[in-house]
Amino acid sequence: MPFPRARGVLGEIASMVRFFAVVCRAAVTRPINWPAEFVEQSWILVRRCTAPLALAVMAFGFGTIGTQAGQIFAALGATDRLGQTFVTGSVRELGGWATAMIVAGVGGTAICADLGARKVREELDALQVLGVDPVKNLVVPRFLALMVVTGLFDIYALLFGIFGGIIAELVNGQPLGPVWGTLFANASTTDLWGSVLKTTIYGAIIAIVCCYKGMTASGGAEGVGRAVNEAVVLAFTAIFSFDYVFTQTLLATHPQILVIK
């Protein structure tokens, strides 16, 4: 099914929504021939994103929360409150945000470039002529892999983010007992499932934007590069917008997580 390049922001949003519907329908219609490619694409994402994600979230946990916030709390004589800061900073926001940035920058751009190169070389048109649906065989496994792996990466990012903050506390000679106490006192299952769900949707957004931009690339190698740049900007903008709506909705529907213990 061809996806011509839309004009204007609203036109592109409408086209991406339609593209998302086509991908979802292709994922559940027979024949289901995408599981093998899904596993391969998931493994590629894991290989490419694991190390950068671990380094990024440890750096943020060490520098932003552990060092900066730790110094402020130490000056106030309330270093035990750092554990609660991990909940609001790392679990609710930083872990998911860092995961989305790494996956979009490493995995999403690679997928967009791959599909874009196939598009400008007319490989997608050739597949359609042969009766092979490029959406079912190329887009669906990449969409599912990005969505699932991004959600699982969030748990990985949370652990490394907190670990980075703990290292900062040890470097500064601060006791960990009070920090762990306020961390577990303020953490809840709502924070965890909200973070994982939000990050999984981040993955879906990244996948749709990057796959759509790749499938609609034109203009040779220059057009592929332009599509990759546009995909990154649109994915980041969509993630920031969705993050605001999701977080406000979660806090409004679960006001108990706003209570600081």
**Message:** Please go through (1) outside any helix (DSSP H, G or I); (2) under 21 Å from Thr200 (Cα atoms); (3) charged (D, E, K, R) for Arg47 and return the number of the only condition it doesn't satisfy.
**Reply:** (1)
**Message:** Can you confirm whether Ala168 is in contact (Cβ under 8 Å) with a residue 60 or more places away in the chain, over 18 Å from the mean Cα position of the chain (by Cα) and within 18 Å of Glu93 (Cα to Cα)?
**Reply:** no
**Request:** Considering every residue within region 126-137, establish whether at least one is closer than 24 Å to Leu53 by Cα, in contact with a Phe, Trp or Tyr (Cβ under 8 Å, 6 or more places away or on another chain) and touching a residue at least 24 places away in the same chain (Cβ under 8 Å).
**Result:** no
**Request:** Report whether or not Ile239 is touching a helix residue (DSSP H, G or I) at 6+ places or on another chain (Cβ under 7 Å), at pLDDT below 90 and farther than 25 Å from Glu40 by Cα.
**Result:** no
**Fill in**
Here, helices (runs of 4 or more DSSP H) confined to region 85-176 with at least 3 residues that are touching a Leu at 6+ places or on another chain (Cβ under 9 Å) are 95-102, 109-120, 140-171
**Request:** Sort out which residues of region 200-257 are within 20 Å of Val23 (Cα to Cα) and of a type in the set (Lys, Arg), and write them in order of number.
**Result:** Lys213
**Message:** Conditions first: (1) in contact with a helix residue (DSSP H, G or I) (Cβ under 6 Å, 6 or more places away or on another chain); (2) under 19 Å from Ile208 (Cα atoms). Ile162 passes all but one, so which condition is the exception?
**Reply:** (2)
**Item:** Residues of region 148-165 satisfying the condition of being farther than 14 Å from Val91 by Cα and out of contact with any Cys (no Cβ under 8 Å at 6 or more places or on another chain)
**Value:** Val148, Thr150
**Message:** I'd like the residue in region 104-137 that is more than 18 Å from Glu37 (Cα to Cα) and among the hydrophobic types (A, V, I, L, M, F, W, C) and, out of all such residues, is surrounded by the fewest Cβ atoms within 10 Å (Cβ to Cβ).
**Reply:** Leu130
**Selected residue [under 30 Å from Glu37 (Cβ atoms), buried (at least 24 other Cβ atoms within 10 Å of the Cβ) and touching a residue at least 12 places away in the same chain (Cβ under 8 Å)] from Tyr156, Tyr212** = Tyr212
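The values are calculated or read from the model by the stated rules, or taken from the named source; none is laboratory data. Predicted model only: the values in this text are computed from it and were never measured. No Cβ is skipped: glycine too gets one built from the backbone with ideal geometry, and neighbour counts run over all protein chains shown.
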